[in-house]
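Taking it in order: structure first as structure tokens, then the write-up.
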Amino acid sequence: LQLTDTLPFHTVYLHAMVRDKDGRKMSKSLGNVIDPLEVINGCTLETLLAKLDAGNLPAKEIARAKKDQQADFPDGIPECGSDALRFGLLAYTVQGRDVNLDMKRVVGYRMFCNKLWNATRFALHFVSDFQP
């Protein structure tokens, strides 16, 4: 502002910090980061563990992260879709504090979004003159 007389950003977004379900900050150095694409498309446990091996974590941290991922995702991350992930993150922001992201809640929101979709399709089946 001082040198150019223009604002550097038009819009600034503030958001909560995303943490794992235990409240630890998601960090590559801890190996507890969840890629949003893995939540949207689903991911096997083997893929998660291979990603840890390909990283640059120390052997002690890799062992800890693998143990945590095997406990948290024994069958991998189920495919949830983008709507369920968005809905889950929005539901967490109501708290106004940090987001302790738990995949079980995101899976629950996937089921809820599926119920909304089915209810809408059912209702539209009986309403023929509706124009959105």
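The values are calculated or read from the model by the stated rules, or taken from the named source; none is laboratory data. Fair warning: this is a prediction, and the values are worked out from it, not measured in the lab. Positions of Cβ are generated from backbone atoms using ideal geometry, with glycine treated the same way; all protein chains shown enter the neighbour counts. Surface areas here come from the heavy atoms of the whole protein model, side chains and all, with no ligands, DNA or RNA. Shrake-Rupley method; radii C 1.70, N 1.55, O 1.52, S 1.80 Å.
Some points to look at:
- The chain: C-alpha gyration tensor shape, a/c 1.5 cut-off, then a/b vs b/c: oblate
- Dipole magnitude of the chain about its Cα centre (Cβ charges: Lys, Arg +1; Asp, Glu -1), debye to nearest 20: 360
- Spatially, the stretch 65-132 and the stretch 1-49 are offset by 18 Å when compared through their Cα centroids.
- Exposed chymotrypsin sites (Phe, Trp or Tyr not before Pro) absent: longest stretch of the chain, with sites in DSSP loops and at most 13 other Cβ within 10 Å deemed exposed: 14-129
- Per residue, the convex hull spanned by the Cα atoms of the stretch 90-131 amounts to 73 cubic angstrom.
- Dipole magnitude for the stretch 1-60: about 260 debye, using +1 per Lys or Arg Cβ and -1 per Asp or Glu Cβ, origin at the Cα centre.
- For the stretch 20-132: lysine pairs under 29 Å (alpha-carbon distance), excluding those fewer than 8 apart on one chain: 24
- Zero-based 5 Å bins, Cα pair distances in the stretch 1-48, whole percents: 5, 14, 16, 16, 12, 8, 9, 9, 7, 3, 1
- Across the accessible surface of the chain, with the other protein chains kept in place and a 1.4 Å probe, carbon and sulfur atoms take up 59 percent.
- Couplings 3J(HN,Hα) of the stretch 60-65, computed from phi: 5, 5, 5, 4, 5, 5 Hz, in residue order, whole Hz [Karplus 6.51 cos²θ - 1.76 cosθ + 1.60, θ = phi - 60°; x for Gly and Pro].
- Database remark: amide H of GLY76 closer than 5 angstrom to the amide H of LEU45 (H placed geometrically; neighbours at sequence offset of 5 or more, or on other chains; Pro and chain starts carry no H).
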